[in-house]
Every structure is written in structure tokens, then in C-alpha cells.
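Everything below concerns the one structure shown next.
The values are calculated or read from the model by the stated rules, or taken from the named source; none is laboratory data. Please read all numbers here as calculations on a predicted model, not as lab measurements. In this analysis, Cβ positions are derived from the backbone assuming ideal geometry, glycine residues included, and neighbour counts consider all displayed protein chains. Calculation scope for accessible area: heavy atoms of the full protein, side chains included, ligands and nucleic acids excluded. Shrake-Rupley method; radii C 1.70, N 1.55, O 1.52, S 1.80 Å.
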Amino acid sequence: QVQLVESGGGLVQAGESLRLSCAASRMIFSFNSMGWYRQAPGKQRDLVAAIISGGRANYADSVQGRFTISRDFAKSTVYLQMNSLKPEDTAVYYCNVDLNVGVFWGQGTQVTVSS
């Protein structure tokens, strides 16, 4: 089992930046993927960015070039740096870890971008 706690969400204006953090309750030595999803009202939960086992990062087309995912192994934390935010980025952002023992989700953090 692993618990995930997100932080860093908030209300910003279009063009501004935010950094989300996701702290795991224990060290994660191996994983299938670690990443971020988001869900806007009335829409499905979609992948935003993920680090795949081996270190490669994948991004949704809509955030490519604006968002950067990174991981601090020693702190068991995954980050999502979000630059040039747009109103359409408004959503609840969820941290996700896919381990061999199961898939785990954080509670979500709200990101609201005003125009």
C-alpha cells in the first residue's frame, strides 16, 4: 500500500504558473508509471503526464511544451510544473502511481485558471 498526498493547487490567471507536488508515504523503488491525471467537471479523467519505468516521460498533446513532470527519488515525490496556464487547464489534478501490487490515487487538488 502507498498513500499519495497532492499539494500546490490554487487559483491563478491565464499565463501564470503552478507547481504540483505528490508525496508518497513510502519509498518507491520500482514502478510501472508515476504521473498526473486531471478531471474537469462533466468530463472523464485524462492523463496529463507520466514517467514510465525506465525514465521516459509522456505528455498529453494539450500540455506538451508547457508542463514538465519530474521525480525526486529521495523524497518519494513527483512534481508537475505547469507554465503558461490556460483556462482549459482548469480541473482537479490527481496523482497516480502504478505499481506491481496495484494502482494508487491521491485525493486530488483543484487547479483553477481564470481568463
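Within the range 15-115, which trypsin sites (Lys or Arg not before Pro) sit in a loop by DSSP and count at most 10 neighbouring Cβ atoms inside 10 Å?
Counting only loop positions with at most 10 other Cβ atoms within 10 Å, the trypsin sites (Lys or Arg not before Pro) in the range 15-115 are ARG26, LYS43, ARG56.
Counting only protein heavy atoms and a 1.4 Å probe, tell me what percentage of the chain's accessible area is made up of carbon and sulfur.
Roughly 48 percent, rounded to a whole number.
Using the basic label-point model (7 angstrom from Cα toward the beta carbon), what is the GLN1 to SER53 distance in nanometres?
Rounded to a tenth, the inter-label distance reads 2.4 nm.
If you stretched the chain out fully between SER84 and ALA60, how much longer would it get, using 0.36 nm times the residue separation minus the C-alpha to C-alpha distance?
Taking 0.36 nm per residue and subtracting the Cα distance, the gain is 7.1 nm.
Determine the dipole magnitude for the chain: charges of +1 sit on the beta-carbon of Lys and Arg, -1 on that of Asp and Glu, nothing else is charged, the reference point is the Cα centre, and the result goes in debye to the nearest 20.
160
Which three extents, in whole angstrom, do the alpha-carbon atoms of the range 23-75 cover along their principal axes, largest first?
35, 23, 17
Summing +1 for each Lys or Arg and -1 for each Asp or Glu, what net charge is found among the other residues whose Cβ lies under 13 Å from the Cβ of GLY35?
For residues surrounding GLY35, the net value is +1.
Can you give the direction-averaged projected area of the convex hull of the alpha-carbon atoms in the range 61-115, in nm²?
Numbers: hull surface 19.5 nm².
Across all orientations, the range 61-115 yields a mean hull projection of 4.9 nm².
What does the accessible area of ASP72 come to, in Å² to the nearest 10, when a probe of 1.4 Å is used?
Looks like 50 Å² after rounding.
Where does the range 1-40 land on Rg(C-alpha)/(2.2 N^0.38 Å)?
1.47
So for the chain, what are the equivalent ellipsoid semi-axes in whole Å, largest first, each being the square root of 5 times an eigenvalue of the Cα gyration tensor?
Computed over the chain, the values are 23, 14, 13 Å.
Whats the longest run of the chain with zero chymotrypsin sites (Phe, Trp or Tyr not before Pro) that are DSSP loop and have at most 11 other Cβ atoms within 10 Å? Could you put the intermediate results ahead of the total?
Working: sites that count: PHE29, PHE73.
Maximal segment without exposed cleavage sites: 30-72.
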